[in-house]
Amino acid sequence: MNFTNLNSIFSKANGKKIVVIGDIMLDRYLLGNVTRISPEAPVQVFDIGTSENKLGGAANVAYNIKTLGAEPLLIGVCGNDDEGKILKKVFEDLGISTEGIIAEANRNTTCKTRVIAAAHHLIRLDSESRTKISEESSGSILKILEETKNDFDIIILEDYNKGVLTKSLIHSVIEFAKENSKKILVDPKFENFFEYKDVFLFKPNRKELEDAILKRTDGIDELTERAKDFIKKINCKNLVLTLGEHGMLLIENNNDKIEIVKVPTQARKVSDVSGAGDTVISTIAVCLAGGAEVKESVIIANFAAGLVVEEVGIVPIYKDILIEHLVERDV
């Protein structure tokens with residue numbers, strides 16, 4: 001893939017609006033040191049040095065879309081709490097619109113606080129609500145889609161089973177997409193796995209697929225056969241299966257003609273896999289928005305994931321850096 005083709009894809013995607021609907025999260029990092037044991041109990045005393053607030057879940061997908069040059073329309077739900085206010089402030093600082101963020105009065109904003117000392121992860125503290133969002137919030141999400149339907153061609157559904165993507169909302173969004181010729185890309189979790197029928201692209205990891213079909217597979221060949229059965233069951237056009245150190249598997253369903261593409265891993269060293277799935281789905285979406293074929297998009301996304309797992313913590317993928325490395329490696 002030469003520089004001209006890459007530049008063309010990202011130039012065409014520049015400023016294109018991509019909708020992201022799903023569970024937004026605040027990732028908080030407390031960084032410091034442990035130097036003593038508490039006199040009150042046999043526990044470590046953690047001295048906080050600095051704290052960082054970052055985006056997680058659907059919010060991180062939106063941020064990656066932004067750093068790749070496209071424009072995210074992020075639609076999600078948070079609480080009317082301090083974490084919700086902090087989350088909106090992070091959005092504003094990064095130039096991400098909060099117009100699609102709906103606040104529910106009795107809901108906790110999903111917040112994951114990671115306590116880290118000398119690069120060692122000591123504990124994670126979670127505050128969240130997993131209850132389904134209200135019918136009023138679901139209606140507001142569909143209203144936003146209807147009002148902006150002429151501004152976008154791609155919708156990403158980012159499901160972390162935190163209550164935003166209810167079964168009824170999933171079905172309504174898919175119906176909306178069919179009526180308005182929009183492509184839906186899905187990053188699924190266990191609870192709603194089989195609700196995403198007739199979508200353009202479905203991106204689980206190996207464990208998620210095996211959990212859904214209630215069977216562990218022995219090797220890539222058996223996994224491929226199971227994946228081929230699954231793609232027919234949900235009638236999606238493209239299944240992208242992320243395989244960790246084994247790269248990715250793309251299965252294309254063209255009128256029941258199944259084509260398989262194995263994409264080897266591109267990571268040179270793995271420091272932290274956090275956020276790699278978000279990088280994959282956002283990169284695929286941006287490349288599709290730029291006119292790339294699915295296979296091209298997956299190859300580029302696989303390389304993007306290889307770059308971010310070399311970094312510690314959840315980091316976005318930047319367009320210029322991605323293009324530079326793609327050309328350097330002659331992908």
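Extending 7 Å from Cα along the Cβ direction at residue 180 and again at residue 220 yields two label points whose distance is 3.9 nm.
Between the amide H of residue 17 and those of 71, distances stay under 5 Å, these residues lying 5 or more places away or on another chain, with hydrogens modeled in the peptide plane. Over 19 Å apart at the Cα level, from the set 88/149; 17/182; 17/143; 12/262; 66/89, are 88/149; 12/262. 3J(HN,Hα) along segment 237-243: 7, 9, 10, 10, 9, 8, 10 Hz, from the Karplus curve 6.51 cos²θ - 1.76 cosθ + 1.60 with θ = phi - 60°, whole Hz, x for Gly and Pro. Note on the chain: GNM, Cα springs under 10 Å; of 170, 116, 75, the largest mean-square fluctuation is that of 116. Karplus-based coupling profile of segment 69-74, in residue order and whole Hz: x, 8, 10, x, 10, 8, with θ = phi - 60° in 6.51 cos²θ - 1.76 cosθ + 1.60 and x standing for Gly or Pro. You can think of it this way: the chain between residue 8 and residue 81 has 22.0 nm of extra reach, that is 0.36 nm per residue less the Cα-Cα gap.
Couplings 3J(HN,Hα) for segment 20-27, derived from phi with the Karplus relation 6.51 cos²θ - 1.76 cosθ + 1.60 (θ = phi - 60°), are 10, 10, x, 7, 8, 9, 9, 9 Hz, where x marks Gly and Pro. What FRET efficiency comes out for the pair residue 146/residue 235, r = Cβ-Cβ distance, R0 = 22 Å, nearest 0.05? Taking R0 as 22 Å, the efficiency between residue 146 and residue 235 is 0.30. Between amide H atoms placed 1.01 Å from N, distances below 5 Å from residue 109 occur with 79, 81, 84, all of them 5 or more places distant or on a separate chain.
Once the Cβ-Cβ distance of residue 191 and residue 171 is raised to the sixth power relative to R0 = 22 Å, the FRET efficiency obtained is 0.95. Note on residue 329 and residue 119: their simple-model spin labels are 2.2 nm apart, each label 7 Å out from Cα toward Cβ.
Taking the chain as a Gaussian network of alpha-carbon nodes connected by springs under 10 Å, the highest mean-square fluctuation of the residues 109, 217, 283 belongs to 217. A straight chain from residue 211 to residue 245 at 0.36 nm per residue would run longer than the Cα-Cα distance by 10.3 nm. The residues neighbouring residue 194, those whose beta-carbon lies less than 11 Å from its own, together hold a net charge of +1 under the Lys/Arg +1, Asp/Glu -1 convention. Proximity of backbone amide H atoms, modeled 1.01 Å from N, is registered between residue 54 and 27, 28, 29 at under 5 Å, excluding neighbours fewer than 5 places apart on the same chain.
Here, each number is a calculation from the coordinates, and none is a lab measurement. Note that the coordinates shown come from a computational prediction; the quantities given were computed from them, not determined experimentally. Cβ: placed from backbone, ideal geometry, glycine included. Neighbour counts: every protein chain shown.
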